[in-house]
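The values are calculated or read from the model by the stated rules, or taken from the named source; none is laboratory data. Here the structure is a predicted model, which is why all the values come from computation and not from measurement. Note that each Cβ is placed from the backbone with ideal geometry, even for glycine, and that neighbours are counted across all protein chains shown. Just the protein is used for accessible areas: all its heavy atoms, side chains included, with ligands, DNA and RNA removed. Shrake-Rupley method; radii C 1.70, N 1.55, O 1.52, S 1.80 Å.
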Amino acid sequence: MSLTMIGIIGIFALLFILFVFGIPVGFTMGIVGFCGFSYVISLNAGFNMLATVTWDTFSSYGLTVIPLFIFMGQIAFYSGVNEKLYTAAFTWVGHIRGGIAMATVLACSAFAAICGSNAATAATMTTVALPQMNRYKYEPMLSTGAIACGSTLGVVIPPSVVLIIIGLSTEQSIAKLFYGGLGAGILLALLLTLTVYVLCTIHPSWGPVGDKTTFKEKIKSLAGAVEMLILFMVVMLGLYFGLFTPTEAGAIGSFFAVVIGVVQKSLSWDDFYNSIYDTMKISCMVIVIITGAMIFGRFLAITRIPFDIADWVVALPFSKITIMAIIFLIYAIGGAVMDALALLLITIPIFFPVAMELGYDPIWFGVTITIVTTLGAVTPPVGATTYVVGGMAKDVPLEQVFKGVAYFLPAYILCIIIMMLFPQLVLFLPNLL
């Protein structure tokens, strides 16, 4: 049996075990990678590889950035910063038709920039924003769709764990990926907001106007939210000017997030304990997935599938834009059937060499596939963010939530097209570093 055939069997075995037995993805990748590697080389080599990869991953200094940024996001979550951000956004744009839905998208953007979690953003913004939109009799499809899609910005706008993983997997600058994600995240947030405006122009009854506020009230609403936004700017500017590494940025951000929560008296001991507990739980899950992906990646490497696919794709009689569009379609479909982080870790060793062979910028590719895979967070059958919103919006049938999400999907597609046609929208800030 050829090495290529063994690699293909390994990939199908991975998908079969995931969908049939439901074993956590990190362990599944580790098991299939170990068995495949041992079959190709030897059992002793497989055990040596398993020990080496596990030790190298769990002792990696670079991975310390993950729990630090997760901890910063958890502190922000338990400090109640989401309510303050929503109040500020609502005060500024709530009087516009569809303004409360726009405020929700803007608040999701701001909270996602601090939290970095789709599910946490969806849960908190459903709790905070949905009652307000129900109060003004917003169309349920619009309100739930805005929350679900706005929440996906958590993996695009930095600090993003997904961008950190992409940086570590491709050996690219995490700071540059952060700045590329910032540009892409702002573009997607604007397109989602524009979608709300268009929908409310076509269906005026979907987004009634909210209460008008004075300029003094607008300024006053920034109190409590501006501190976290300043914290975000400190982290990003520190990375930009090279004052600290991404790991140091995570530590500094976590420290000042705790200080802000204590000073504002919004962080209790129970909240602090829950922040640590959730950070440990999420970090362990992510690092186990990374370890499994590294083991599976070693198996793919010895079968030479990533390199064979790269050579085959580059030789196709299509333009490089067409080939990249096909790759993005694969990511969009894959993101709809499995966890985005797992999908990226499995496919980056395959498609990253292809993108490099085609001459695409590695930072652009990393940021763009992040946008593409966010589609999986809102589309069935996985659609984790949509299910979170549907589960918490008890009065809205899940079918209506998915219909609401469907109205926002063109914004994602348009965002990807714009990024393909104008890559400098992503690369402008990273190139300044």
Computed curve, the chain, Cα-only Debye sum without solvent term, log₁₀ I(q)/I(0) at 0.08, 0.09, 0.13 Å⁻¹, is -0.45, -0.57, -1.16
In whole percent, the fraction of accessible protein surface over the stretch 81-226 that belongs to carbon or sulfur atoms, probe radius 1.4 Å, stands at 65 percent
The long-range amide H neighbours of Ser266, using H built 1.01 Å from N in the peptide plane and a cut-off of under 5 Å, are none
Here the membrane-span-like helices of the chain, with no claim about any membrane, defined by DSSP H, Cα axial extent at least 30 Å and mean Kyte-Doolittle at least 0.5, are 174-202, 269-303, 398-421
Listed by chain and number, the aspartates and glutamates with an alpha carbon less than 13 angstrom from that of Lys403, same-chain partners under 8 positions apart left out, are Glu139
Excluding ligands, DNA and RNA, the carbon-plus-sulfur percentage of the accessible area of the stretch 381-431 with a 1.4 Å probe reads 72 percent
For Glu83, the accessible surface traced by a 1.4 Å probe with all protein chains present amounts, in square angstrom to the nearest 10, to 110 Å²
Note to self: C-alpha centroids of the stretch 223-293 and the stretch 349-424 sit apart, in Å, by 25 Å
A student applying the Cα gyration tensor rule (rounded when a/c is under 1.5; otherwise prolate if a/b is larger than b/c, oblate if not) would label the stretch 194-239 oblate
Any trypsin sites (Lys or Arg not before Pro) in the stretch 205-259 that lie in a DSSP loop and have at most 11 other Cβ atoms within 10 Å would be Lys212
For 182-190, 366-374, ranked highest to lowest by mean beta-carbon neighbours within 10 Å, the order is 366-374, 182-190
Heavy-atom accessible area per residue of the stretch 299-433, all protein chains kept, 1.4 Å probe, expressed in Å², is 42 Å²
Computed for the chain: size of charge dipole around the Cα centre, +1 on C-beta of each Lys and Arg, -1 on C-beta of each Asp and Glu, debye to nearest 20, value 760 debye
Ordering 22-29, 321-328, 143-150 by per-residue average of other C-beta atoms within 10 angstrom, highest first, gives 143-150, 22-29, 321-328
Straight-line reach check, Lys220, cutoff 21 Å on alpha carbons, 8 or more apart in-chain or any other chain, hits among lysines -> Lys84, Lys212, Lys265
Computed on Cα atoms, Rg of the stretch 205-357 relative to 2.2 N^0.38 Å comes out at 1.54
Expressed to two decimals, the stretch 316-433 has a Cα Rg over Rh, using the Kirkwood radius, of 1.03
Taking a probe of 1.4 Å and leaving out DNA, RNA and ligands, the stretch 135-217 shows per residue an accessible area in Å² of 37 Å²
For the stretch 1-119, the per residue accessible area (1.4 Å probe, Å²) is 43 Å²
